[in-house]
Amino acid sequence: MSLLVVGSVALDSVETPAGKVEDALGGSATYFSAAASLLTGVRMVAVVGEDFPDQHVEMLRSRGIDLEGLEREQGRTFRWSGRYSTDLNQAITLDTQLNVFERFDPKLPAAYKDSDYVFLANIHPALQLKVLEQTPERKFAGADTMNFWIEGERETLEEVFRRVDCATINEAEARDFTGESNLFRAARKIAELGPKYIVIKRGEYGALLWHEGEVFFAPAYPLEEVADPTGAGDTFAGGLFGYLSSRGTHDPDTVRQGIVVGSVAASFNVEDFSLRRLLDVTSDEISNRVKEFVKMICFDANGVILN
Ligand code: AMP
């Protein structure tokens, strides 16, 4: 099955207790594609400026990511800078410069229009809608967002959620978006807009899946050292959607498996800054961590004695 992502390709400046980087490769579509490309082919729709280093484009291409939909425009590449203090679950945005994204009007290459799986990574919700309009044959669409758009573009974002099958959103954003502090009530409220699957990302506490009132929890892989959480959510989504597209199905059991694959991919990403770790992870390392996950979440239910 074919998988398409639209999102940001960015130069990020990030500071965490473990160190800092400036103008490092980042962006929601970048993390998503790097993770998804471990499992399947992926088509990218995004824009970069004249200052975007060629070496990044070559690296993405060398991973088999289809870049026909990556435009290069006059102006500067999207930039985001953020800081994490001891609470690594919460990024503090210091600056967002939309730059070339301000005028971006995605026109999908003809070859992308038959995409089966479509993921609208974090980007202006109006751009997310434009991509949905151009993928009429899709079988399954997901969307992500962040507080920047929840605060500034709420109505357009609601329209996006009305049209997708799966919403991925982090815990704090789910609370902001719905006004509900309880995550199950928040998930139910988002589901009322339309998506069948709601995935609430909870950083080091894992992810919660809500599907027609049923709940599934996946823990986060336990790491003693986290260098940089940037892109964890996008990497998670890339693992999840890459898995669904590679299986060619999105039934509830496959979505649960995909959530574990996404969590494992994210656990590698946070071990180093930018995409450094994600780019050298092997499929053996991924499958070993998936096996460790099984050990973490299994117990002998028949052996529980309650009298
Ligand atoms: P995550 O940590 O998974 O939420 O995503 C971090 C990535 O999102 C960074 O690489 C940023 O470049 C990108 N990003 C931050 N703010 C925005 C925004 N307003 N729109 C699109 N992408 C963004």
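The values are calculated or read from the model by the stated rules, or taken from the named source; none is laboratory data. Quick caveat, the model's predicted, so the values are computed rather than measured. In this analysis, Cβ positions are derived from the backbone assuming ideal geometry, glycine residues included, and neighbour counts consider all displayed protein chains. In case anyone asks, the SASA skips ligands and DNA or RNA and just uses the protein heavy atoms, side chains included. Shrake-Rupley method; radii C 1.70, N 1.55, O 1.52, S 1.80 Å.
A few comments on the model shown:
- Here the dipole of the stretch 253-297 is about 140 debye; that uses its Cα centre as origin and unit charges on the Cβ of Lys and Arg (positive) and Asp and Glu (negative).
- When the chain is treated as a GNM with alpha-carbon contacts under 10 Å, the residue of LEU209, LEU88, LEU120 showing the greatest mean-square fluctuation is LEU88.
- Surface/4 of the Cα convex hull for the stretch 114-273, nm²: 8.8
- Applying 0.36 nm per residue to the separation of ALA301 and ASP23 and subtracting their alpha-carbon distance, the gain on full extension is 95.1 nm.
- Think of a 1.4 Å ball rolled over the protein heavy atoms: the stretch 18-109 then has 47 Å² of accessible area per residue.
- Top of GLY26, GLY203, GLY64 by mean-square fluctuation, Gaussian network on the chain, Cα under 10 Å: GLY64
- Choice from THR168, THR40, THR30 with maximal GNM fluctuation in the chain (Cα, 10 Å cutoff): THR40
- Summed over all non-identical Cα pairs, the Kirkwood treatment of the stretch 14-60 gives a radius of 12.4 Å.
- The value obtained for the stretch 187-307, namely the Cα convex hull volume divided by the number of residues, is 139 Å³ per residue.
- Shape analysis of the chain places it in the rounded category; the axes a ≥ b ≥ c from the Cα gyration tensor give an a/c below 1.5.
- Descending semi-axes in Å of the stretch 1-105, equivalent ellipsoid built from Cα gyration tensor: 24, 17, 12
- Karplus-derived 3J(HN,Hα) values for the stretch 94-103, using 6.51 cos²θ - 1.76 cosθ + 1.60 with θ = phi - 60°, are 8, 7, 10, 10, 5, 6, 4, 6, 5, 10 Hz; glycine and proline are entered as x.
- The stretch 174-282: GluC sites (Glu not before Pro) in DSSP loop, at most 11 other beta carbons within 10 Å: GLU212, GLU224, GLU225
- The C-alpha atoms of the chain define a longest principal axis, and helix 183-193 lies at about 50 degrees to it.
- Centre-to-centre, using Cα atoms only, the stretch 207-267 and the stretch 270-300 are separated by 11 Å.
- Counting heavy atoms of the protein chains alone, ILE297 has an accessible area of about 70 Å² for a 1.4 Å probe.
- In a reduced charge model with +1 at each Lys and Arg Cβ and -1 at each Asp and Glu Cβ, the chain shows a dipole moment near 620 debye about its Cα centre.
- Global geometry of the stretch 87-191, whether rounded, prolate or oblate, following the gyration tensor of its Cα atoms and the 1.5 cut on a/c: oblate
- Against the compact-protein benchmark of 2.2 N^0.38 Å, the Cα-based radius of gyration of the stretch 222-269 scales to 1.19.
- The accessible surface of the stretch 1-126, taken with every protein chain in place and a 1.4 Å probe, is 45 percent carbon and sulfur.
- When the residues GLU71, GLU58, GLU102 are ordered by accessible surface, computed with a 1.4 Å probe over the protein chains alone, the sequence from largest down reads GLU102, GLU58, GLU71.
- Solvent exposure of the stretch 162-297, expressed per residue, is 43 Å² of accessible area, with all protein chains present and a 1.4 angstrom probe.
- Taking every DSSP beta bridge that has both ends in the stretch 155-247, the antiparallel portion is near 65%.
- Using only side-chain charges placed at the Cβ, +1 for Lys and Arg and -1 for Asp and Glu, the dipole size of the stretch 164-307 relative to its Cα centre rounds to 320 debye.
- Overall dimensions of the stretch 164-226 by Cα: Rg and Dmax, Å: 11.8, 38
- For MET1, MET296, MET59, the ranking by accessible surface with the largest value first comes to MET1, MET296, MET59, using a 1.4 Å probe.
- Among beta bridges identified by DSSP and lying wholly in the chain, the antiparallel ones come to about 40 percent.
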